[in-house]
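Rule-based calculations on the coordinates, nothing more; no lab input. What you see is a predicted model; the values in this text were computed from it and never measured. Ideal geometry is used to build each Cβ from the backbone, glycine not excepted, and the neighbour counts take in all protein chains shown.
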Amino acid sequence: MAETKSAKPRGELAELSAQLQNLCTAGKRSEKELKNAKKDVFKKVINYMTLGMDMSALFPMMTSCANLSSDDLVLKKMLYLYLTHYASQTPDLALLTINQLQKDSADHDPMIRGLALRSLCSLRVTNFLEYVVAPINTGLSDRHPYVRRTAVMGVLKVHHIDPGTVAQQGMVERVKRLLQTDTDVQVIANCLAVLVQLEPPARLAEKAFVYSLLNRIKEFSDWGQCQVLEVASYYVPSSEAEVYDMLNALEDRMGHVNSAVVMATIKVFLRLTINMTATHQQVLERIREPLKTLISREDAPTAYAALSHVLLLAQRAPVIFEADAMAFFCRTHDPWFVKKLKLEILAAIASSTNVYDIVTELTEYARDISPTMAREAVKAVGRIALAVPDSGGIVERLLLFLDSGSEHLVAEALVQLKDVLRRYPDAAHAVVGGLGELGVQGGIAEPDARAAFVWILGQFGGLVPDAPYLLEPFVEGFAAEDSAVRLAVLTSAVQLFFRRPPETKPLLSAALVAGVADANVEVRDRALMYFRLLRADRSAAERVVAPPLVAVPWFSEALSAEARDAVFAEFNSLSVLFQQPEAAFIERAAYHSLEAEPEPAAPELTSDLLALEAPELLGADRATNLLEDVDGSDSAGPGGIQADLLDLDIGAPSPQSSGGLGGLGGFSGLSVPPAMPGGPLAGYGGPAGPGPGMGSGPGGFPAGQPGPRPQPPVDPFGGLSALGVGPGGPGPMGGPQQIPYGAPPPQLGGGPGGMLGQGMGMGPGPAGPMGGPGPRPMGGPPAPRPPMPAPGSGFAPSPGPGPYPGGPGAGPGGPRPGGPPAPQPGGMGMGMGMGGLIDDGLGGLGGLGAPAPAPAAPAPQRELALNPTARVAPAEFQAEWKRLPPAHASSQPVSGPNVAAITANNHRDFTQHMTQAYIHTIASGGQAPNYRYYFYGQAAGPSPSPLFLVEVLLRADPSGGGSGGSLATTVKATDPAQLPAFLEIWGNCLTGFLLMG
Amino acid sequence: MISQFYILSPRGDVIIRKDYLGDVPRTSSEVFFRNSKFWKEGDGEAPPVFNVDGVTYLHIKEGGVQLVATTRANLSPSFVLEFLRRICTIVKDYCGFLSEDAIRKNVVLVYELLDEVVDYGFPQSTATETLKQFVVNEPTVVAPAYYQAKPLFSLNKGPTGVFKSVLETTRTDGKRRDEIFVDVVERITCTFNASGYIASAQVDGAVQIKSYLAGNPPIKIKLNDDLLIGKRDAPYGLDARSSEGHTVVLDDCNFHEVANLDSFDVDRTISLVPPDGEFALMNYRTTHGFKPPFRLHVSVDADPNSEYKAVVTLKLWCEVPADKSASGLEVEVPTPRYVQRVHCDLSDAHASGGKGGPAGGGVAQQAWDYNEKGHLLRWKFKKCPGGSEYTLRARLTLEKPYGASLRSEIGPVNLRFTIPMHSASRIALKYLQILKKADKNYNPYRWVRYVTSSNSYTFRT
């Protein structure tokens, strides 16, 4: 927009200016000609204005032109339109027109009075308020309703600019009086609209008032009716008789053509009867047909809004729509968003009475030309299989999809069958029969489906005669698989090993060897963990990795019951469409605050920065790559967090096998409670950290873990809440209930939350001291992160000898920054876990590689915690980098493999490793032999918190051939006092990477 | 309330822009356009409501333009979407037509209307005739290009086929033409199972009125005497006994505010004072007494001469009354991916079979084409009279030998059509009276039209 302003219209602007000038003075034309000429020019100006060109320079000409023909209403209207658009940009010039506006607001024609008053109130200039107040006050008692209603809206406009003026003038009281006394319904509607913005609607909902509104509701416009109904929905009747009176009075609103009125009426009905079970049931019955009429409209958007509400009702009370399955069958030309909702509704209302019809219909959709539609249909069948107890026939249908020969159907069916088997392990006999012939190994590319297949092989390997041989190709092509599949392969190989040792042994060792050598941290850690577990105690390993499969009684829903109740309380609002409570997606902003707000600077510094610091490194064509890198590192944020969680997964079982690391005491009491307390939140319920530790425990199905899978960008934290870390999760992603926008219900099966909850809701005992914060307020915004209390300070310094035979050294112990960031008291346990893991990983390797430092340095710098979600804009980075003096510089030699490891995968392995320690990458790149990286870390806590900037210059030995090179580090810090602590984290993190590499 | 309102052209240009609350950045129109254009989920069509960075975008599409409202509040989506729809109708009523061109030619008029319709994000007067007193700009009526080329087109459409500004009724220069259009518009949803029986069927209908009567005289409309409406007349549910003797049975219906239903339950008359412009007097829905206008039979056979070929025969019966005919009929047959080529013979002996070309004379002008990318065989008719019967033999060349599974991989077959002057529900307007007593010679034009079209008409195979 900015470009268009400056580039093209220069000429037009000058021309229009000249024309207007001419029209102001030239008097030879007849009055009519002159006006028409003016209208034409004004129209042009308004056209350009709409296009976003800056026409404010014409202000004086426009005003004088219009004033010279002030009797012409068309010109006046155009002028006022122009005026309200530019007044806030050019208040000085606008001041010139105030006089005319004030004069017009006392015109004898009510239309002009209203027009002038509306324009006057819309100028949005704080200094003008003094000129606006008087006309509003007069307007509120104007004899014409058009002026009164405009004045009422003016009160709100003034309130948004300066609430003080409104209070001072007693305007709200005047509006309230109008609300009670006015005869014009639009004035009343506007009063309602304004007052609802200024105070809670419940306060307006007094009996006499609500009754008087409802009695004349038919006089209101459709929109006014909606406003009245909205207020009425807050009214709490004193008796049941009153409820029936209201229901009867509003009964006919249900047959209104305007879906907004119908939805508002339904809301009143539902709220009135919420505590009268029998009547509520009747109401649900009553609203069924009107809703069905709304959803079968031709107008897809309004049908979509109604369908979302049907889905909510169907999830709460599936029985109401049980007999209406046919109404939710998809039509060929329904848009996708309608079809998707219909499929969800069908899955929600499926019961033993209609399941045959629904599944038959869904099977038809699975043949749809659109693969998306076909997959959703299969997914819906899978969900129904989970929800409807008599799943025999439905499992057969899923099996039929396996035979369909079309890749997307087979893939989706596998994913669904995996969940079905977790719910009904007894169905395995029927399912696993034909797996061998599927040719998944070569035929199905999709990682989810491959992982599901591998999982089934691992769990039910005893039933599949050739399971080890089916798994073989996955191990052979290990490196080429997606990381989710690699994780699944490792687990399945171990599970299969316990079931059929002789056949599987070579396979297992091949898998572990491949896993230990893997470039992916999670895969490598899991392989190492299994390896050590097996070596330490085989029977313990069996208990951990391959316990008897326990049927999952139910899967956690995408939306918990509490969250759904919260959404239901916000019936007839956007919450229902987004399937989450208001707090999750509403971000208020100040009114009229954006005019002066500068555009955020585009993040273009990356290349600048490199050019500035190291022009010699910057190949011309690197610039774009670098930008990509920045993107990559940006998105690595959540990725890194997930990786940490997975670390945890692996870390947690270790105490079991090793009999408890000293420092990990918090974990040693891993107790699995017999029953899962308290609903789906139980998984979250143990937010004190141990929860997440369980992921790879007994039920551990790797595909359920969000880590390795690329999460949809909108849902970086959905996985987290599903994992059950809840409040313990690092960073501000808030409580488990705060399901992010667009959290896909698909996790349904994957529902690791459910799994966790089932298998492993932690006993409160061990978790207790760590202090889970308990259930958090519904959908609350991210709680402020209190500083970490010292005693829990997380990571175990692991004083004793390392737990594994591999590493006698205790390793660098705690200082690895995994622990400190654990941001909330509830996260403490997690911090521990992480500390433990790092300890484990580094300790072990340290033992192998280099002489370990003295046992258990007492975690000296624990008070420095880095902010896991620190965000530093490139411009800010650049400015700080220029400003600060180098605080620390060092150089160290690196080996050839290290150079390769650092630069591998487009530098991502390296940068992601750093991200795990909450050291974020802002730029990386360069060309052999010189590479350059810029990192930053920010201490957690209230801003401005100390910022650390790091530059790493990697010079590979120019002689090439992987003979190593040198690595120079420069660190700058805004708070030098914290520098040593940061260097500690940095050093450990870097050393960890180099050692592993 | 809504923070901004804008109208975007198909290319994303802002044609009309109003900012009310000032709590959403001006650049939001670009954010909206980018997101709606490159929507990632499903088939790439953005849902009517989505949220980006705390700003909720609600939009509808009409006449090629998008009407968008943004908000940061938790509004009722039905409210905003209905309101956008209402703005659409108002623009149509005043400009005669809604398209990018029509709006660009009437920018100032549209702004003027918007100023009266929305104040600070809240709806104000939205009734077309109350707005008239506030409007001072003259409309520039733009009829769509295709309308000028094919004036008959309007017969097939509802009242949308009339391109005339309501401001015409206030003209006094003698060119004014008083007229009222009452349209019964029905859409059929019907699914046939593989055995040819109806699996589900529904007719959604509306009585739409578009009035250009000066002075807004009251009118009276009478529907079928033997009309039965679900909950209204049979509170204990519809069954065979209660619907006996009724030709038209509706499951549910709703009426516009202006409808006076005092005598509706007695003699099925509705009296009303029609407001200016277009509105739906009544919407209804029925699943009863429905006679499908088309039947289709699909058979798939191996070709005796080559195992890489198959023959698909489609037999189509048009079962509308003989005095009516369907127009724009299209039969779509999805085929499996391994179909390489398709060649068709039409039942007409003179069919040239040329790809996509008209297939000779005959009453029905038929044609077919095969979209290789979309694997879609299309069979088109310009006109298809009631009682007629057609056959299409398609020869499929396959990549792999013919197998029995081909039968289930062809289809489902989908039909699109429009049948003018036909109502599938058999609902009828028995009379339309204009009650203006003052002037005996006052006799405006009255147009009563029926049109039935397909919403989703599917044959499973």
With at most 11 neighbouring Cβ atoms within 10 Å, loop chymotrypsin sites (Phe, Trp or Tyr not before Pro) (DSSP) excluded, longest segment of chain B: B:237-461
Sorted by Cβ density within 10 Å, fewest first, the residues A:F453, A:F982: A:F982, A:F453
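For B:14-23, what's the mean count of beta carbons from other chains sitting within 10 Å of each residue's beta carbon? Working shown, then result.
Working: counts 4, 3, 1, 5, 4, 7, 4, 9, 11, 9.
The per-residue average across the peptide is 6.
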Under the Karplus curve 6.51 cos²θ - 1.76 cosθ + 1.60, θ = phi - 60°, whole-Hz ³J(HN,Hα) for the stretch A:478-495, x wherever Gly or Pro sits: 3, 5, 7, 6, 5, 5, 4, 5, 4, 4, 5, 4, 4, 4, 4, 4, 5, 4
Cα-based reach from B:K309 at 17 Å (exclusive), listing aspartates and glutamates while leaving out same-chain residues under 8 positions away: B:D301, B:D345, B:E372, B:E399, B:E409
About the Cα centre, charge dipole magnitude for the stretch B:362-461 (Lys/Arg +1, Asp/Glu -1 at Cβ), debye: 540 debye
Likely footprinting exposure, B:S9, A:S575, fewest C-beta neighbours within 10 Å first: B:S9, A:S575
Reach of A:K218 by Cα under 25 Å, taken over lysines that are not fewer than 8 positions away in the same chain: A:K176, A:K207, A:K267, A:K292, B:K132, B:K210, B:K220, B:K222, B:K231
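Find the relative contact order for the stretch A:446-549 and round it to a whole percent, using C-alpha pairs within less than 8 Å whose residues are 6+ positions apart. Please report the intermediate quantities before stating the final value.
Numbers: 117 pairs, mean separation 27.7, N = 104.
Computed value for the stretch A:446-549: 27 percent relative contact order.
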Ranked list, fewest to most other Cβ atoms within 10 Å of each Cβ, for A:M153, A:M62, A:M373: A:M373, A:M153, A:M62
Cα-based convex hull volume of the stretch B:4-131 per residue, rounded to whole Å³: 101 Å³
Trypsin sites (Lys or Arg not before Pro) restricted to DSSP loop in the stretch A:170-278 with at most 16 other C-beta within 10 Å: A:R216
Within the stretch A:193-288, GluC sites (Glu not before Pro) in DSSP loop having at most 15 other beta-carbon neighbours inside 10 Å: A:E206
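Averaged over B:133-140, how many beta carbons belonging to a partner chain fall within 10 Å of each residue's beta carbon? Write out the running numbers ahead of the final one.
On the way: counts 2, 6, 1, 7, 6, 2, 0, 0.
Counting other chains' Cβ atoms within 10 Å and averaging over B:133-140 gives 3.
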Length-normalised contact order of chain B in % [C-alpha pairs under 8 Å, at least 6 apart]: 15 percent
DSSP-assigned coil residues among trypsin sites (Lys or Arg not before Pro) in the stretch B:389-440, each with at most 13 further Cβ atoms within 10 Å: B:K437, B:K440
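Using a ≥ b ≥ c from the Cα gyration tensor of the stretch A:20-135 (square roots of the eigenvalues), is it rounded, prolate or oblate, where a/c under 1.5 gives rounded and otherwise the larger of a/b and b/c decides, a/b for prolate?
Details: a/c = 1.95, a/b = 1.31, b/c = 1.49.
Because a/c hits 1.5 or more and a/b fails to exceed b/c, the stretch A:20-135 counts as oblate.
With charges set only on the Cβ (+1 for Lys and Arg, -1 for Asp and Glu), what does the dipole of the stretch A:355-471 come to about its Cα centre, in debye to the nearest 20? Intermediate values should be presented prior to the final figure.
Working: 9 positive and 16 negative charges, 65 e Å.
Rounded to the nearest 20 debye, it is 320 debye.
Using only alpha carbon pairs under 8 Å that are at least six residues apart, calculate the relative contact order of the stretch A:874-994 and give it in whole percent. All intermediate terms of the calculation are to be shown ahead of the outcome.
Numbers: 202 pairs, mean separation 37.0, N = 121.
31 percent.
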